[in-house]
Structure formats: structure tokens, C-alpha cells
Amino acid sequence: MAIPQTFIQELIARADIVEIVGRYVQLKKGGANFMGLCPFHGEKSPSFSVSPTKQFYHCFGCGAHGNAIGFLMEHTGMGFREAVQDLAGQLGMQVPEDDASPAERERAAAARQKQATLTDVLEKAGEAYRRHLKTSPRAVEYLKGRGLSGAVARDFGLGYAPEGWRALASVFPAYDDPLLAESGLVIVSEEEEGRRYDRFRDRIMFPIRNVKGECIGFGGRVLGDEKPKYLNSPETPVFSKGRELYGLFEARAALRDKGYALVTEGYMDVVALAQLGFPNAVATLGTACTADHVQKLFRFTDAVVFSFDGDDAGRRAARKALDAALPFATDVRSVKFLFLPPEHDPDSFIREHGAEAFARFVGEAIPLSRFLVESAREGCDLATAEGRAHLAANARPLWTALPDGALKRQMLGELAELVQLDARELGQLWSAGAGGARPAAAAPAPDDRHRHDARPRPFGSSSQRRAAPPPPALRGRGQPPSRADVALRLLLAHPQEWEALSHEMHALLCALPGAHGEFFTWLDGQVHEHGIQPFAALREGLRGQPFEPLVERLAAGPQFTAEDGEAPAEEALAELRNVLDFMLDERLKAEQTAVLATVGSDPQALERYKALERRRLELRHRLRRQP
């Protein structure tokens, strides 16, 4: 259900970005703007600026920028729709939905009210558990015995559920309130005439928070060796263990500072790692890693390291994580697998060998490409034709799940070498088995652009050209197109490439002045809300937008890729990369100029200037190598 653009514009106009950002960042007035330490990267001198007149934020250190909705998305990891609903709720506005019936809107409003009510109940229980922890020497001694400090217990909101069947009755006088059962705090016995009792008893309590910091459930660990050792909240309207990650809310800033997410297997791992210098750790909630988990992590970082025990169970868990990660393994993302020695978990490894040794261990984790090959060749005797054929059969579904790009094509060559076939032959074999005749090196996954969770499809793939011809491109007439024009034209022709770009490139394009930046900001919102759409669908949404004339001008002229062989997709991709690299170089140069102006007052300015110069040298080297 689409949210009208007029409402989004009104929402942004009514929001006070200084107030919204100020809830998360300490801001001080500095001239016409407000300044603070950037929440998206570590810094000692404020370079994060919030403009009350432009209703825009910008970091001169890392380049992060955007409006109030963009800030909520970046800082909390919410999707576009979630951020709009959250901001509207803060302002007391009701989010309209163009194609929703009155009954559907009423049901949606009731569901949101129920969620808010359940989180209130869970927050109240969490406060009670924290009070009980302070008065329970046994629980405190257990945490101290695990090496946890009071500070880390406070940061993660740890608590204690006391012994007794109805301890929560002192917190909720109406113990028969249906909300207590619906939230998972109380169990209603079906065999004992509706007898009620607390789900969590005599356990250390780990509150599970969503990306907005709201308590949506709990994990409880016994203090001894009783079974089950861990107990989670059941599935509720606000909690689904297949979608949530423990510690993600607490790790948001660290994911950006460290540059990667470390996925572990338990609550205690996350808390212990945070205390030992790895606050970028998160954990699945007693379930295998899912595609939803991976997708949520990639909202915050472009690199994920899965940590597992080195035993058979750890290998099985890693294989499930591999299956979940493959569809998201684009060329600009990194996925690795870390297998600890059988006698260690992350906590014990760091305490025995030190944080530096663990960091090196993480750095040497197995890349996704290698683990894919290892998984495919397991149990296959490559000295025989049968064994190599078995490997090909194992590898095919794994390789097919990868999004098209350089990684997928390299993997085809590597797997073909192991199978002792030419890469083209193996590609044709796999395509024929799937009912197609295209060489697999250019074969995309089934076309699912219209699904909300669609992944980027191959750039200029043959199925794209047949299913949704790209829009017309600008042909030089009068003033030559700018680099921003070229980038916009190419992304109009291939909107699926938007999700393949890095966060830095998204930020660069959305920060462009005038209609170009407004269009790319709008396009980013469309992708978040609706997934990848063909140009025909995008054009409908452009009606009445201030940047519509720009898009129409750039979409005037002959077709960009009317037939196979005319303007090959590889050339279009190369042109897009080249243009974006030049634009990034221009932005880095401007940032250098701004940094130089602060050398006298900022002791870190010279180091930032040198870092920017290194980036520019890398870019120029890459540009020189391009044809």
C-alpha cells in the first residue's frame, strides 16, 4: 500500500529535524546550524551539522546526510515505511494509504495500537526484572562470575526473574489481564482450568529490543545447569525470532565504527563481547540464521562475519547461514565465516588469547566464496567423474542463489575448473537443467522485481531487456549532459542497480543539489517502500514531482538498449561506475577544502585530510585502469 507523496512532503515540512536528531545526538548551537559528534562514525571533534532552515543533516567527516526520515532509517535501521510511520506517530499524524479500504485502515490502526500496548507491558516487566536483579545477591554473583561488569549489565538492561510461580502478580495487579499471556510473560494452562503462572522463573533476563529500542521480548538463562538452559519469549504480534537479532539495537553505532557485524550464537556471547571490546556483536535467538536476519544486518553494514563453533553442529548452522546470505552477497558486500576451536566460544577465546588475537582470527575468517566451494565439494571424490558431477549438482543451487555480478561469474569459473568443464559448458548445462538455453554466466535468477523484497537483478541482463525495456536516454542536443545527468539516465534505464550501489554512493547521489538530489532521495524511498520497479511504474510515481521535468528531459530520445548487441550492458555498467567515481572524487576534493579550513582549530584535521587524499589516490588509480 503506497503512502502518498503529498503526505511525506507534509511530514518532512512539519518535522523539526533538530528535535528528532537531538534525541539521539547531543547538539550545540554553532552559528545558523547545530553541531554534534556524528552518530555514524567515531570522532572526537564535532563535524555533524544539523540545519534547522534546510531541515537537513550532514557530516563533513563521513558524508552521511539526509532529512528526518533518512536519519531515522540510518540511525535505527528502519525501512522507509517504518520510519514514516514512526515519525508520523511522534507528530500525532495518521499515515494515509492510497489504496487501503476503510476496514483495512482500521485493522492497521488497531494492530499498531496493540503493538504499542504490548511493548508497554514488556517494558514494565523489564523494569521489574532489573529491580529484582539489584536485590538478588545470587543473580549478581552469577553475572560477576561470568566476568560481566555492572556497566555492561546496565547497558543491556539485564535483570532477574525471581523464583516463584506468580512473581509478576506484584507488578501487574490484574494478573488475569489477557495482555500478559499475549505478550508471552504468563502461561495459561489448558489442562488445569486456566491456571496462570509466570513463564520466566529464577533466570537471568535479557531484554530483546527492536531497532527503535522498544522491548519486544525476553531471553532467560538459568543460573545453574537446569534444562532448558535458555528460554525465549514465544512468537507474539511484536516478536518473531526469525526476524529479530539480539543486541542489534545496542550495536548500531559499533557496526559503523568497526565496519562489520559479528553474528554469534547466544545472548551471553553478545554481552561478553561488548565488554571485551567487540560491541558490534549480535546473536540469533535460538534459531538458524534467516534471510530476514541477513537483510536487516545489511541495513547497517556492508560486511558480516558469522561466528560458529568448529564442531558438526556449528558447521550445520554455518551452512544454513550460507543459504540465507547468498541472495544478498552482491559485489559491494562481504560475508565471512569464522569457526572457533571446539573448546572455545568467543568469550573464552578472548579471555585466554586476548582481544588482538581474536581480531586477527576474525580477519582471517573464511570468505563466502571459499565456504561455498567447501560446502559443495563435501563428500565428493574429485578424482572420479561421478564425484565431480556430484559437486556440480551440489553447487548449482548455491551458485544460482547469488545475485549476478563479478562474484557470481568468478564462482562459475572456479567451480567449472573443479568439475573439469569449460565455464560456458557448465553454464549451459545449468541453464538447460533449469529449462532455459542462455549461458549461465549471464543468466539471472527468476524475475521478481515486483516483489517488495526483490534483490537487484543482473545489470542489463537479457531477461530485463525482454521483460521491461529501459527508458529512452538523452541524446546530446544543446548543452552536453552533466555527470549527474548521466548517472540519473543510467539508473533510470537500470533501476535495479540502485541496490547494488554502496551506502557511500547512495549518500553522494542523494546529496546532489537541486532536482538531481531530490530525485535520488525519492528513488531511494521508492526502493525501500516498493522494491525494484521498472521505469513504467516509476514514471507513474513521478507525476507532479518537482523533478519530473528533469526526468522527462533525460528520458527523451532513442532507446538506450533497444536490441541485444546495441550498447552492451557491460558498457553501460562501466559508464555508470566511471561517472560515479568521478563524482566521488569531486566530493572528496570539496571535503579536503573544507577540512583545510579547520587545520588551525582542529588537531584531527590534518589526519582527515590525509585519509581523504588516500581515497582520492585509490580512485584515480582505478580511473586510469578503466578503458
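The table for this structure:
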quantity: Failed item, numbered, when MET78 is tested on (1) part of a loop (DSSP other than H, G, I, E, B); (2) touching a strand residue (DSSP E or B) at 6+ places or on another chain (Cβ under 6 Å); (3) buried (at least 21 other Cβ atoms within 10 Å of the Cβ); calculated: (2)
quantity: Meets criteria (over 24 Å from the mean Cα position of the chain (by Cα), at pLDDT below 90 and on the phi < 0 side of the Ramachandran plot) for GLU226; calculated: yes
quantity: Members of segment 54-65 found to be open to solvent by 10 Å² or more (accessible area, probe 1.4 Å), within 13 Å of ILE17 (Cα to Cα) and either in a strand (DSSP E or B) or of a type outside the set (S, T, N, Q) (or both), listed by number; calculated: LYS54, PHE56, HIS58, HIS65
quantity: Residue that is farthest from MET268 (Cα to Cα) [pool: residues in segment 283-337 that are touching a residue at least 60 places away in the same chain (Cβ under 8 Å), of a type outside the set (Gly, Ala, Ser) and open to solvent by less than 20 Å² (accessible area, probe 1.4 Å)]; calculated: THR330
quantity: Qualifying position, being over 25 Å from GLN526 (Cβ atoms) and in contact (Cβ under 8 Å) with a residue 60 or more places away in the chain, among GLY30, GLY22, GLY42; calculated: GLY42
quantity: Residue in segment 14-24 that is surrounded by the most Cβ atoms within 10 Å (Cβ to Cβ), counting only those that are assigned to a helix (DSSP H, G or I) and in contact with a Ser or Thr (Cβ under 9 Å, 6 or more places away or on another chain); calculated: ILE17
quantity: Flag for LEU11 being at pLDDT below 85, touching a Leu at 6+ places or on another chain (Cβ under 9 Å), open to solvent by 50 Å² or more (accessible area, probe 1.4 Å) and under 30 Å from ASP292 (Cα atoms); calculated: no
quantity: Within segment 308-324, tally of residues that are part of a strand (DSSP E or B) and out of contact with any Ser or Thr (no Cβ under 9 Å at 6 or more places or on another chain); calculated: 1
quantity: Selection from segment 155-166 of residues that are outside any loop (DSSP other than H, G, I, E, B) and at pLDDT below 95; calculated: ASP155
quantity: Filter result (in a loop (DSSP other than H, G, I, E, B) and of a type in the set (D, E, K, R)) within segment 25-53; calculated: GLU43, LYS44
quantity: Residue check, ALA161 in contact (Cβ under 8 Å) with a residue 40 or more places away in the chain and crowded, with 16+ Cβ neighbours inside 10 Å; calculated: yes
quantity: Those strands (runs of 3 or more DSSP E) lying entirely in segment 203-275 with at least 1 residues open to solvent by 10 Å² or more (accessible area, probe 1.4 Å); calculated: 203-209, 215-222, 230-232
quantity: Scope segment 278-320; condition more than 13 Å from the chain's Cα centre (by Cα), under 18 Å from GLU364 (Cβ atoms) and at pLDDT 90 or above; matching residues; calculated: PHE278, ASN280, ALA281, VAL305, PHE306, SER307, ALA318
quantity: Residue tally, condition in contact with a helix residue (DSSP H, G or I) (Cβ under 6 Å, 6 or more places away or on another chain), closer than 24 Å to ALA274 by Cβ and part of a helix (DSSP H, G or I), over segment 325-348; calculated: 3
quantity: Segment 341-369, residues that are among the charged types (D, E, K, R) and closer than 17 Å to GLY314 by Cα; calculated: GLU343, ASP345, ASP347
quantity: Qualifying residues in segment 610-626 (those that are over 15 Å from GLY63 (Cβ atoms) and at pLDDT 75 or above) - the one least open to solvent (accessible area, probe 1.4 Å); calculated: GLU613
quantity: Residue check, VAL362 assigned to a helix (DSSP H, G or I), farther than 19 Å from ASP323 by Cβ and β-branched (Val, Ile, Thr); calculated: yes
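Conditions (1) open to solvent by less than 50 Å² (accessible area, probe 1.4 Å); (2) of a type in the set (D, E, K, R), marked per residue:
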site: GLU356; (1), (2): no, yes
site: PHE361; (1), (2): no, no
site: LEU368; (1), (2): yes, no
site: PHE371; (1), (2): yes, no
site: ALA376; (1), (2): yes, no
site: GLY379; (1), (2): no, no
site: LEU382; (1), (2): yes, no
site: GLU386; (1), (2): no, yes
site: ALA401; (1), (2): yes, no
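The values are calculated or read from the model by the stated rules, or taken from the named source; none is laboratory data. The shown structure was predicted, so the numbers you read here are calculated from the model rather than taken from an experiment. Every residue, glycine among them, receives a Cβ derived from its backbone with ideal geometry; neighbour counts consider all protein chains shown. Surface areas here come from the heavy atoms of the whole protein model, side chains and all, with no ligands, DNA or RNA. Shrake-Rupley method; radii C 1.70, N 1.55, O 1.52, S 1.80 Å.
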